[in-house]
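Take a look at the structure set out below.
The values are calculated or read from the model by the stated rules, or taken from the named source; none is laboratory data. Not measured: the values here are computed from a predicted model. For neighbour counting, all protein chains shown are included, and Cβ atoms are generated from backbone atoms with ideal geometry for every residue, glycine included.
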Amino acid sequence: MDGIIYFFQSGSYGIALVIFVASVFVPVFKVTVLIYLLLIVHFKWHERARFGLRLYRVIHFIGKWSMLDIFVVALMVGLVQFKGLATIVTGPAAIAFAMVVIMTMLATESFDTRLMFDTQNQT
């Protein structure tokens, strides 16, 4: 959030928006959709299954681009090391963010969309 606030205060609204969408909105959206899909399966909300399938397709597509943030951070740390002029240091949040990205990608890939449409009683 520090980077978003910095770019917003310096007048770079577009960059701040891109960073917010890629680093905050998309991961929260993916986790929220995955929880919603699990609720559809658990409570057998079959009337919401079509909408759930659309949401699944969206997060499945987004998942291909989720590692872009981690890749950019890794490149920046490796390339920008000008002592006294500019230094980029990753904090513990980068590891937590990478884990969220990896876990949501694995959860999306392992989710079986047919479960949303399953009408048989299961115990």
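Annotation: GLY14 fulfils all but one of (1) of a type outside the set (A, V, I, L, M); (2) at pLDDT 90 or above; (3) exposed (fewer than 13 other Cβ atoms within 10 Å of the Cβ); the unmet one is (2). Within region 17-41, the residues that satisfy the criterion of being closer than 17 Å to ILE70 by Cα and surrounded by 13 or more Cβ atoms within 10 Å (Cβ to Cβ) are VAL18, ILE19, PHE20, ALA22, SER23, VAL24, VAL26, PRO27, LYS30.
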